[in-house]
Structures are given as C-alpha cells and as structure tokens.
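A short write-up of the structure that comes next.
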Amino acid sequence: MTARAHTVVDDLAERVARAREHLAYQDDPALTAAYSPAELDAERELAESIRRLGREQRRAEAATAAAAAARVRKTGDAIAAIELRDELAAAQALAAHRRAASPIAQLADLHRYRVWAGRALGGVVAAGMGWSAVNVQHNIAGGAALTDPLYWFSYLIEAMISVCLVVVMAGAPRLAGHGITVSRRTLTAAELALLTLTVVLNTYPHVSAGHWYDAAVHAVAPAMIAIALAIHHAMSTRVAAALATAATPATAPTPITTPAAAPAAAPAAATAPATAPAAVTSPATAPAATTTPATASAPVTAPATAPAAKPTPAPVRVHARTPVRELAEQLIQQGGIRTPIDQVTAIIAAADADMKAGHAHPRHTVIAKATGVGHNTVKRILTAAETIRGTGAQVINLHAHTP
C-alpha cells in the first residue's frame, strides 16, 4: 500500500514539474507564429499565384502597349498616305490648272480632239460607205455572174459618191482653218444632191415594191453619212476657229519680254543725243585738212543743217492694232454683227491686205465676192472695225532733244 502511494505521489510531482516547465513556454509567440506544414504549403501556393498574376499583368500591359504602338503607327501611315494623296491631287490640280491656262496646252488639247473626232467620224462615214456600196451593188447587179464586169463595176457607183463626200468633208475644214470660207449654199446643194442620189440607189427596189420598212432600214447608212458630215462640218469649223484663237498666244511669246527690253532700249535712245554734239565739233577738225577744198566747205554747211533739228514735229497718231481674230470677236459681241466669226476674220484680213498692197480704201466688192458675203455687210463690218481701231488710237508728241 505504501509503495503504491509513493508511486502516485512521484507521478504527480513529475506532472507538476512538467506543467511548470510547460507554463514557462506556453505564452511564447513562436508557438502561434510558427507556420504549420499545411500553412507553409498554402503560403507557397499563394506566393506562386501572386507572381503568376503579376506576370500576366505585365504581359497584358506589354500587349496593350504594343497594340497602342501599332495603332499609332497605322494612324501615322494612314495620315502620311492621306497627305501624300493630297499632295499628289494638289500637284495634279496645279498641273491641270497650268494646262488650262497654258495656250500651248489648249492648242494641243484642241488638236487631239480634232484628230480624235476626225477619226471617229471618218470611221462612221467609212462604215456607211461600205454598207451603201454593198447594198447598191446588190440592187444593181446582185444577180449578175462573177465574170460579168457589171458585177464588179457596180461597186464604183457608190465609191464615186463617197469620194465626192470625202472631198467636201475634208476640204471645207482645211479652208476654214486658213480663213477661207466656201459658200455654204453651194456645199449644201452638193451634199443634198449626193445624199439624195445615194438614198435613191439604196432604197429604190424596196420603194418600188412598197416595202417601206426595208427602205427605211437601207436608208440608215446614207442618213448616218449625212449626220456624220453635218457634225463634222459644224465641229471642224468651230475647232478650226478655236485653234486659230489658241495659236495666237501660243506662238507669240515675245510680248511678255517686251516690257523688260523697253527700258534697256531707252538709255540707248537717251545716249543718242549725247553723241550728237560730236558732229558739231567737226568744224574744229576741218581746218586741219586745208589742202582739201571739199572738206573746208563742210563746216559751212553744218550750221545750216543744225537748225533743221530744232522744230518740234507735229503730233503723231499711232493706232493700237488689235489682232484680227480678237477684233472679229469684239465686232460680234459689241457691234451686233451676225456674220460667222470666220467670215468676219477673213473680211478684216482681206481689208488689211488691200491696205498693205497700197490701196487707199479696201475693195469692198472684191472682198464680198471672195468671202461670199454681201457688199453692204462687208462695208458695215469694215466700218465698225475701223471705229473700234480708231478708239484705241493714242496721240504721241515727238520732241527733238536739245543738247
């Protein structure tokens, strides 16, 4: 019993000693601050997750910056392209403006248009002539054998008409370009006669048979030839007039440099009187040639010629000569002239030629016959032209220079 109680007391003492030892350490913060293995694993996982999110954030920021830089680059490229297009468009506009204002460019543009229009209308006329030639040959000798000469020579009938039409078509614009106008009444009569003849040759079998639809179809080609000729006459005359108007400033650039050259010539004229007194000193050198009687008389005649330069000349009326084409346009715009501008230009040019040839007055009758315009119309045009030219006259007083 005693031994057992001793054992219990010893156990209690040991337990108290251990409790007291435990009490000394149980309030130490290390016991609660220390991470358990599970907590250590959780903290490791959290740290990895935070670093992963940081990397993702930096990657997203880099991607955003790269996309913004790409947008800025694309925007800059687009702005540069727009500016380049604007510069090109401005250069093209300036070039077009220079071409529109340049007489040479206008002349070239009119020439290209005339060539293109002539070829196009020539193609229409050639197609109509080919159709008409085949149709007329079929109407005249369609049933003839190939060995029959009529089968082949029947093509020449339409060819003869076509050649006459081509001569009229090509000749009238060329003459108009030189200021020569053919009587429109004569040309119209010839064209109507040729057109009537070719229409009859193309349609007479169908008209005689009462097939009006077929007749109308076979009359299309001659009608197109007539329309092409009418368009060609109307356009070629006006294009020739426009070419004549555009050629004047394009081929005469000298008036632009004339004002710069005029002051240079003025000092030369001013120095001419300065050299004139040198001739007055000739009497001083004349006595040196005493052996020559002819030279001794020179100083005597010099004073006689000197007073001749002192009188002031009468005022001189200088007419500002307006170009013929410009004058014709002024007559039509201001003078109420209803004659075509080509005929007005030809009338004024013929009148100027008569005056240059020495005639006191323009020959109205001759000019009227040459241009196909009435005598009274020619007289009225020339009178109005002289009036316009007279209003541009200036009175210039020429005074002698006194040394």
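Going highest first, how would you order 192-202, 221-231 by mean Cβ packing within 10 Å?
221-231, 192-202
May I have the pair-distance distribution P(r) for the stretch 1-159, computed from all Cα-Cα distances with 5 Å bins from 0 and rounded to whole percent?
Reading upward from the zero bin: 2, 6, 5, 5, 4, 4, 4, 4, 4, 4, 4, 4, 4, 4, 3, 3, 3, 3, 3, 3, 3, 2, 2, 2, 2, 2, 2, 2, 2, 2, 1, 1, 1, 1, 0.
Heavy atoms only, probe 1.4 angstrom, no DNA, RNA or ligands counted: give me Lys369, Lys379 ranked by accessible area, highest first. Spell out each step's value before the answer.
Values: Lys369 165, Lys379 105 Å².
Ranked list, largest accessible area first: Lys369, Lys379.
Roughly how much of Arg112 is accessible, in Å² to the nearest 10, using a 1.4 Å probe?
So the heavy atoms of Arg112 present about 140 Å² to solvent.
For the stretch 1-107, what % of the accessible area comes from carbon and sulfur atoms, probe 1.4 Å?
Solvent-exposed carbon and sulfur of the stretch 1-107 make up 61 percent of the total.
Which order do you get for His364, His211 if you rank them by accessible area with a 1.4 Å probe, largest at the top?
From most exposed to least exposed: His211, His364.
The values are calculated or read from the model by the stated rules, or taken from the named source; none is laboratory data. None of the values given here were measured: they were computed from a predicted structure. Note that we place each Cβ from the backbone using ideal geometry, even for glycine, and neighbour counts take in every protein chain shown. Remember, those area values only see protein heavy atoms, side chains included, never the ligands or the DNA or RNA. Shrake-Rupley method; radii C 1.70, N 1.55, O 1.52, S 1.80 Å.
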